[in-house]
Structures are given as C-alpha cells and as structure tokens.
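To keep things clear, I will list the structure first and then write my remarks on it.
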C-alpha cells in the first residue's frame, strides 16, 4: 500500500516538474501579429456579481490577452439571448432559464 502512495507521489512530482517549464516558456503564437480579436459581450444587467469583469476591463487584462472587448447591457435576458442568437453579441451573460426558453 505504501508503494502505491510513493509511486503516485513520484508520478505527480515528475508531471509537475515537466509541465511547469512548458507553461513558463510557452510563447504566445496566435498568428494575429498584434491585432486584437473583437469580442462583444452582452450582459443582462449591471451587477455587483460582475465586478471582477469590470475590473479586468478597466485594468486592460482583456487587451493583454489579445481581446478587444465591447461590453453591452441587454436590459433583459430575452434581449441578451436575442443578441447572441442574431450574432450581435459573441457572449451573453444571463440566467440559465433564457437558454432553456430559446
């Protein structure tokens, strides 16, 4: 039983040691040559629950990751879902019930 624990621990250490350099030294090669990918996010309403998103937008985290994010407020799950279905928005933040109804 102790051998299995040691083997599992050794395997985890080997995986961690080999995976860490891969992540640290991985270069961003997205082929966009510095161009930002446009993404439209439609939220159902402004909410304190989206505070991390608002901070990320203001701090430029999305741009750092190559995204030109446009934030739109849909003012209702039906309008947000319509925007996603019609292609006006790439992402829609709303409750699960809107997807069920669609």
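The values are calculated or read from the model by the stated rules, or taken from the named source; none is laboratory data. Please read all numbers here as calculations on a predicted model, not as lab measurements. Heads up, the Cβs are rebuilt from the backbone with ideal geometry, glycines too, and the neighbour counts pull from every protein chain shown.
Evaluate the following for residue 89: is it in contact (Cβ under 8 Å) with a residue 12 or more places away in the chain, in contact with a helix residue (DSSP H, G or I) (Cβ under 9 Å, 6 or more places away or on another chain) and in a loop (DSSP other than H, G, I, E, B)?
yes
Taking the range 52-84, which residues are part of a helix (DSSP H, G or I), more than 20 Å from residue 37 (Cα to Cα) and either modelled with pLDDT of 95 or more or out of contact with any helix residue (DSSP H, G or I) (no Cβ under 8 Å at 6 or more places or on another chain) (or both)?
52, 79, 82
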